[in-house]
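Trainee: Pasting a structure here, questions to come.
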2 protein chains.
Amino acid sequence: MKDADVVLSGAHVLLLDDKDTILERGAVAVVGDSIAAVGTPEEIDREYTARKRIDGVNCLLLPGLVNSHTHAAMTCFRGIADDLDLMDWLSNYIFPAEARNVDPELAYWGSLLACAEMILSGTTTFCDMYIFENETARAAHEAGMRCLLGEVLFDFPSPNVKTPGEGLRYTEMLIQKWADDPLVNVVVEPHALYTCSPTLLKDAKALADAYGVPVATHYLENMTEPGIVQEKLGRRASAFLQEIGYLDERFFVFHGVYMDDEDIRLFADHGCKVVHNPESNMKLASGVAPVSRMLEAGIKVGLGTDGCASNNNLDMFQEMDTAAKLEKSARLDPTVMSARTVLRMATCNGAKVLGLDHLVGSIRPGMKADLALVKLDKPHLTPMYSEYSHLVYAVNGSDVDTVLINGRLVMENRKLLTIDVNEAMERVLRIAERVKRSMAK
Amino acid sequence: MKDADVVLSGAHVLLLDDKDTILERGAVAVVGDSIAAVGTPEEIDREYTARKRIDGVNCLLLPGLVNSHTHAAMTCFRGIADDLDLMDWLSNYIFPAEARNVDPELAYWGSLLACAEMILSGTTTFCDMYIFENETARAAHEAGMRCLLGEVLFDFPSPNVKTPGEGLRYTEMLIQKWADDPLVNVVVEPHALYTCSPTLLKDAKALADAYGVPVATHYLENMTEPGIVQEKLGRRASAFLQEIGYLDERFFVFHGVYMDDEDIRLFADHGCKVVHNPESNMKLASGVAPVSRMLEAGIKVGLGTDGCASNNNLDMFQEMDTAAKLEKSARLDPTVMSARTVLRMATCNGAKVLGLDHLVGSIRPGMKADLALVKLDKPHLTPMYSEYSHLVYAVNGSDVDTVLINGRLVMENRKLLTIDVNEAMERVLRIAERVKRSMAK
């Protein structure tokens, strides 16, 4: 008999492997930070003695969800302004609120609260872009959450850095500082083509290449953006990115709403990836990303909530539901974006987009133990005919009961084990009072 | 001092009156089945001694939500088939499943489970159309839920009635049987113009007029429906309805996705009303209802989840979120369908659509005490800048803590007080096993 640190037993287990295998009554043994074995409860019990046993009967067990686009600290601005024109929203609410309020304290506590919200709704990995990202890294590290994160880079000063050069140096500091952390990974993140000079974009790519880390950026999010980029750079966005050497397998973009067939072909040919953010795109009336065409072209597409000011939560189960429904509605075809397709976007394919699929996104021996257990004994989850359908169309984040990340139990029976959630809420409430005062001026 | 049966004190209270008043720190006194007084906690405490006190500090108190279109018993078919073409879904899954399985037992337990799900997510009134509606009425009565319901009427036999005449007689029985019930109200419900003969439609209206009850029907839900109706009746749907005397203030329709300017003008001129079902319309790829144009024309629009086979839950908070986002996305305008507009659709305006606004939908003395209390001390609801924004964009059904209907406490601290939820789930699970066996044949 071998020792297992944790055995989860009796759940419907969705492996998210290439065959979309489901074990109707399965068990997973966790040793250290990794999945050691997957099988029937009897098989696992024959092989392992469990230090900690988690009962999965009448539950779904799936890989922890991958939220591939967040601005975590923006929990502090959740719902600060809604139902406004994009430029009004940005110029008169979000940018002033950020300029007056974002500091390391807001970045840390806002990110820690985001980690609490994400764990509570089954997310185990997030990809973040914001200001003072070292604070977000600290929060994720303390919460025990896996992440890929980078400091936002643009031509103008931020509350953290005065120049693009400072932003790049801060990013390099992040890369070096967190190099050996088991959970925190760093990505170089120029904000967007319309906010970054060609020089900054090239320097960002050079930095990423020097350390072998990915590059990610907001891309063609709004209807006006292709025209603005064409005007600024004298060519199409994707043609420009190809010229400056961006199009490779370590490049991915957020949104991609206005990617046309030529963009899609270029991305597919070069192995570039896209993160879809349906709820944010809908709330800001940005348009509908051509996700079906991207998938048909073979582009790997992940799923993200975007920040709390444009969603206004970080619930990936609701995001999956919306992703499936929006594409069906926009294409007038109920067969596109099946529940299976969407769940893969939020797990194994999200992990591929972030370059973390050797670690997470599916359940098999050798993978890191990032797992979410969903309880089914509730009216709105009764009965169940299909595990995929249930997870995408019926479950919401509050149905997640227990979460492991990197083999560590971070939530059990909805109790967070790594975060003092009352302190995090208290600190963010105090920060929000400061934000309100700053906006009343 | 007067006696109050219940005092809820300390919450942010959203009155949903004409001015969208919010009491930042309010209290509500309930006497018998009604709201007796609304004011500050101090005002209420000066006037009332409470038999039962409910602490609303750090909570939102709002009128219970009105789900204006359900097929409650279809909880038994939740997720039975998804991601299929509409006719494939209907002909090969839903219709056979119904023909083989719907009986009084399924109707009763499916409806009772739906009541449990709805109360757990803050809905206090629902408008139902299905088969064996007397069973749904029994379930609602026992659950203590308010409802408006009717037997589905069409030209072909149902598991309950063999002929349209039988359907009308069954509906009349419902009207008479439940006439004095404080919670159960009856509506005459021809299924749709394409499934009912002109004779059945006229007889249905005559029955409704004889008893002064409303009439409701599915209407222009799918892209093909206007053409089918034109072909069948030799004129436009709304012109036909006008000819046979349907267009009055006691007529409302579900969906209305393909209503054009002429339909909207006719509905507005005659005081007819519409129920919007965004999640079902998206999942079945039906199209996007022209809700902004309906609202501009002055039509009262309610909100509904539709049945569990096309959603796949009854969570009105998620439905509100989707309603706001879908309209912004479809019109490429983030200012349409504000959080306020949507919350009114799900409360006071929903009540107007159903003809129950003299009883419910807003909080003021004299109204029936149908109330939902939402707890805010959670990461995904921290911080709060706007009550409306929070309820529409951040809250989900699981955040509802306590619910009163008609003055009766039906849920407290998420514990259902009127329904044996384990028995309801157990019975529906057994019915679902029967459904699965019937579909395997």
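The values are calculated or read from the model by the stated rules, or taken from the named source; none is laboratory data. These numbers were taken from a predicted model, which means no experiment stands behind them. All Cβ positions, glycine included, derive from the backbone under ideal geometry; neighbour counts span all protein chains shown.
Trainee: Can you find a residue that is more than 10 Å from chain A (Cβ to nearest Cβ), surrounded by fewer than 24 Cβ atoms within 10 Å (Cβ to Cβ) and without any contact (Cβ under 8 Å) to a residue 12 or more places away in the chain anywhere in segment B:383-401?
Mentor: no
Yes/no per residue for (1) at negative phi; (2) touching a residue at least 40 places away in the same chain (Cβ under 8 Å); (3) of a type in the set (Lys, Arg):
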| residue | (1), (2), (3) |
| --- | --- |
| B:161 | yes, no, no |
| B:183 | yes, yes, no |
| B:193 | yes, yes, no |
| B:198 | yes, yes, no |
| B:208 | yes, yes, no |
| B:220 | no, yes, no |
| B:230 | yes, no, no |
| B:237 | yes, yes, no |
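Trainee: Same structure, new question: One residue is enough: does segment B:410-424 have a residue meeting the conditions touching a Phe, Trp or Tyr at 6+ places or on another chain (Cβ under 8 Å) and either modelled with pLDDT under 95 or crowded, with 22+ Cβ neighbours inside 10 Å (or both)?
Mentor: Yes: segment B:410-424 contains one or more residues that are touching a Phe, Trp or Tyr at 6+ places or on another chain (Cβ under 8 Å) and either modelled with pLDDT under 95 or crowded, with 22+ Cβ neighbours inside 10 Å (or both).
Trainee: For the condition over 24 Å from residue A:310 (Cβ atoms) and touching a residue at least 40 places away in the same chain (Cβ under 8 Å), what is the one hit in B:321, B:357, B:370? Give the steps one after another, and end with the answer.
Mentor: Working: B:321 fails: over 24 Å from residue A:310 (Cβ atoms); B:357 fails: touching a residue at least 40 places away in the same chain (Cβ under 8 Å).
Exactly one residue qualifies, and that residue is B:370.
Trainee: For segment B:109-158, give me the residue count where each residue is touching a Phe, Trp or Tyr at 6+ places or on another chain (Cβ under 7 Å), in a strand (DSSP E or B) and small (Gly, Ala, Ser).
Mentor: 0
Trainee: Take the residues in segment B:145-167 that are of a type in the set (A, V, I, L, M) and more than 21 Å from residue B:243 (Cα to Cα), then tell me which one is farthest from the chain's Cα centre (by Cα).
Mentor: Only one residue fits best here, namely B:161.
Trainee: Here is a list of conditions, (1) within 14 Å of another protein chain (Cβ to nearest Cβ); (2) over 20 Å from residue A:310 (Cα atoms), and residue A:252 meets all of them except one; can you say which number that is?
Mentor: (1)
Trainee: Something else now. Go through segment B:392-439 residue by residue and tally those that are within 18 Å of residue B:114 (Cβ to Cβ), among the polar types (S, T, N, Q) and part of a helix (DSSP H, G or I).
Mentor: The number of residues fulfilling the criteria is 2.
Trainee: While we're looking at this one, here's another question. How many residues, within segment A:159-181, are surrounded by 15 or more Cβ atoms within 10 Å (Cβ to Cβ) and assigned to a loop (DSSP other than H, G, I, E, B)?
Mentor: Of the residues in that region, 4 qualify.
Trainee: Within segment A:55-79, count every residue that is crowded, with 24+ Cβ neighbours inside 10 Å, among the β-branched types (Val, Ile, Thr) and out of contact with any Pro (no Cβ under 9 Å at 6 or more places or on another chain).
Mentor: 2
Trainee: Can you spot a residue in segment B:115-135 that is out of contact with any strand residue (DSSP E or B) (no Cβ under 9 Å at 6 or more places or on another chain) and more than 22 Å from residue B:318 (Cβ to Cβ)?
Mentor: Taking every residue of segment B:115-135 in turn, at least one turns out to be out of contact with any strand residue (DSSP E or B) (no Cβ under 9 Å at 6 or more places or on another chain) and more than 22 Å from residue B:318 (Cβ to Cβ).
Trainee: Something else: Within segment B:199-224, track down each residue that is within 21 Å of the chain's Cα centre (by Cα) and farther than 29 Å from residue B:290 by Cα.
Mentor: B:212, the sole residue that qualifies.
Trainee: Is it the case, given these coordinates, that residue B:221 is at pLDDT 95 or above and either part of a helix (DSSP H, G or I) or more than 19 Å from residue B:304 (Cβ to Cβ) (or both)? Can you show your working first?
Mentor: On the way: at pLDDT 95 or above: yes; either part of a helix (DSSP H, G or I) or more than 19 Å from residue B:304 (Cβ to Cβ) (or both): no.
Against the criterion (at pLDDT 95 or above and either part of a helix (DSSP H, G or I) or more than 19 Å from residue B:304 (Cβ to Cβ) (or both)), residue B:221 does not qualify.
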